[in-house]
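First up is the structure itself, then whatever we jot down about it.
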Amino acid sequence: MPEELGRSRNVGLGCRVLIVDDDRDLAESLVDILESRGYVVGVAHSARDAREIISEFESQVAFIDLKLPDGSGTEVLSYLKKNLPGCVFVIMTAYADLDSAVSALEKGALHYLRKPVQPAEFLRLLEGAVETIDLRKEKKQALEALRQSEEKYRSLVESIVDWVWAVDADGRYTFSNSAVKNLLNYDVGDVVGVLAWRLVHPEDREILQVLFQKGVAEKTGWTDLALCRIHQDGSERFFESSAQPIFDAAGHLIGFTGVDRDVTARLRLESQLQRAQKMEAIGTLAGGIAHDFNNLLQAIQGFSELLLLESSEKDPIYRRLQGIYRAAKRGGILTRQLLAFSRKVEVKLQQLDLNHEIRELRKLLDHTLPKMIGIGLRLADDLWPVEADPAQIEQVLMNLAINAKDAMPDGGDLIIETKNHTITERYGKTHLDVNPGDYVTISVIDTGHGMTKDIQAHIFEPFFTTKESGRGTGLGLAMVYGIVKKHGGHVMCYSEPGHGTTFNIFLPAIPQTAPAVSEEKIQRPIYESGTETILLVDDEDFIRNVGRQVLTKFGYTVFTASDGESALVLYREKGKNIDLVLMDLIMPGMGGRKCLTELLKINPDLKVIMASGFAGPEPANLAIKDGARGFLNKPYETREMLRLIRQVLEQDKDNG
């Protein structure tokens, strides 16, 4: 292209304008006008020039003559529009070419300019074209800003772990973030178009429908609505749902947008906390009941034992007295079970190999369980040792085995399994009463009829039983729970109706083994007597009565007091003649501990034995720490009381 035909003059920064016209004088005139106003101008005098110049001159506005020597202006318009999509076009035409100009407008020209060209009209159209360019630029910027805003919003919504959703006025989902996949295992495409209440548990559907209809009618949303939703696998998930109405420009409600938060784990933790608090409260109650019951049993056992000592085996009432005595002993076992649940029994810990304990228990179970129940052991090699009370662990396993037997009236399999298990921090966060660490797990598995979730929620509660009247106390599993907790462990139950039951017991492991040490039991005479003077202090009349009779029968002189205050008065009067004080720990007014302290102020060498229906190491340890020489757990046998009295009275003699 000749230089004079394809020139581009840049007088200043501004809008780039292309003049396409074969009238060179007109083109020169327009160039002068434009450059004087700071425009950057390109000139082409033919269709060919126009097609070539755009490779080096990207115009923003193009004025195109409708008639060119080598083609029509409309053809140039079509070409330039295709290659310069952002350019604004103005057609220049004579009066005779108006129809062609209109056709050019239909093909995308902004306007047309009649020849001969008037500078004012030319500049007016140019300014309009520039405004169009600015508007397009602003629109493009607005669209880009909108796109970025939408992308930012989408990224934000997709990063939220809660389920963000939107529904139309009919309740059908129109939007869902991808969190629905993690929470309910549904793809977004599975959710959009579905009615909202279809993904809600049947029992909650009516609640959501009523609330939705109310929201539509009143144009209001809802906050923290508790909903049970159905996971794709059919399981239940619990959510808190909140929503706000969406309105169009005219103020009409067009739907709702909302957020659902999965609170399943939180509710599980709250349930565990409530259960732990409930069990703790029941344990405290059970301990109190056991204390009072032990006082009654002490009197029954003491009187019946006293009568047996005074009766001959040939006496007609001897067997009846034995029945009373045995009943009192069974009552003592019952209270020990209560105290085991409340974790108020003394635990005699020693290092144990649980595999060995289970093999020994197997021998007992072979003779205890019906032949139609098969017993299998799956014991892990190199099982970690634990520190536990062997008698109590045996009691736990025996109770679970008997429970399994009752669940399999027509026979089945009982499996006892052991394995090492490490509980992680993550697991501990979702199980309130479980501390991370190394554990030995004992699993007691049966193939019985199983249990419903409702029954499982109560199995560890005292006196809860599914057995018919007279076939159980309801304390077996409560005792299991208490003993395991006392050992610093925890117990879990997994069961389904018709699919058996598994109890998993977790006991803290210790790092190394050591040979178990067995205690030698010192055999003493069955009943030991004496001639000393004893002060018996108890707030229960029947305890004082039976105690006085027993002690008197075996040679002792006995004074009695009904409370701590009376005991102090009596000791101040007759203290020189009193060799030992046998005193209850829990009494109205001045309790046993306070009275012990005051007695030892009077006589620091006084020998005192404390007794209580609250079993366990705490009362005994406190009493010994306060200065008592011995401790008796009610209900105690006469021979046990007499033996301890003798031991304490002979302490100074032994030391001498």
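The values are calculated or read from the model by the stated rules, or taken from the named source; none is laboratory data. What you are looking at is a predicted structure, and each value in this text was computed from that prediction instead of being measured. Cβ sites come from the backbone with ideal geometry, for glycine too, and all protein chains shown count toward neighbours. The area values use the complete protein model at the heavy-atom level, side chains included, leaving out ligands, DNA and RNA. Shrake-Rupley method; radii C 1.70, N 1.55, O 1.52, S 1.80 Å.
Table for the structure above
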item: Accessible area in square angstrom per residue, the range 524-589, 1.4 angstrom probe; result: 46 Å²
item: Accessible area per residue in Å² at 1.4 Å probe, computed on the range 194-272; result: 56 Å²
item: Equivalent ellipsoid, the range 182-252 (semi-axes from 5 times Cα gyration tensor eigenvalues, Å); result: 24, 15, 10
item: Per-selection metrics, the range 28-185 (Cα): Rg and Dmax in Å; result: 24.2, 74
item: Distance in nm between pseudo-label sites at Glu573 and Lys601 (7 Å out along the Cβ direction from Cα); result: 2.1 nm
item: Carbon + sulfur, % of accessible area of the range 78-223 - ligands and nucleic acids excluded, 1.4 Å; result: 53 percent
item: Extent along principal axes [Cα atoms of the range 103-157; Å; largest to smallest]; result: 60, 24, 5
item: In sequence order, calculated HN-Hα J values of the range 366-377 (Karplus, 6.51, -1.76, 1.60; Hz; x Gly/Pro); result: 4, 9, 9, 7, x, 4, 7, 9, x, 10, x, 10
item: The range 591-599 - phi-based ³J(HN,Hα) in whole Hz, Karplus 6.51/-1.76/1.60, Gly and Pro as x; result: x, x, 5, 5, 5, 4, 4, 5, 5
item: Distance in nm between pseudo-label sites at Leu306 and Arg326 (7 Å out along the Cβ direction from Cα); result: 2.4 nm
item: Pairwise centroid distance, computed over Cα atoms, of the range 192-247 with the range 569-603, Å; result: 69 Å
item: For the range 131-229: Kirkwood Rh in Å [reciprocal of mean 1/r, alpha carbons]; result: 15.9 Å
item: Whole-percent carbon and sulfur share, accessible surface of the range 552-656, 1.4 Å; result: 47 percent
item: Size of electric dipole in the range 157-258: Cβ of Lys, Arg +1 and of Asp, Glu -1, about Cα centre, debye, nearest 20; result: 120 debye
item: Cα-Cα over 29 Å, subset of Lys419/Lys485; Lys371/Lys486; Lys453/Lys634; Lys371/Lys634; Lys329/Lys453; Lys453/Lys485; result: Lys371/Lys486; Lys453/Lys634; Lys371/Lys634; Lys329/Lys453
item: Taking only Cα atoms of the range 578-634, radius of gyration then Dmax in Å; result: 10.4, 29
item: Length gained when the stretch Arg124-Glu203 is fully extended (0.36 nm per residue, less Cα-Cα span); result: 21.3 nm
item: D (Stokes-Einstein, µm²/s), Kirkwood Cα radius, the range 353-450, 1.306 mPa s at 10 °C; result: 108 µm²/s
item: Residue-by-residue Karplus 3J(HN,Hα) for the range 88-94, coefficients 6.51, -1.76, 1.60, Hz, glycine and proline x; result: 9, 10, 10, 8, 9, 8, 8
item: Cβ-placed point charges (K, R +1; D, E -1), dipole of the range 60-215 about Cα centre in debye, nearest 20; result: 300 debye
item: All Cα pairs of the range 81-173, percent lying beyond 21 Å; result: 58 percent
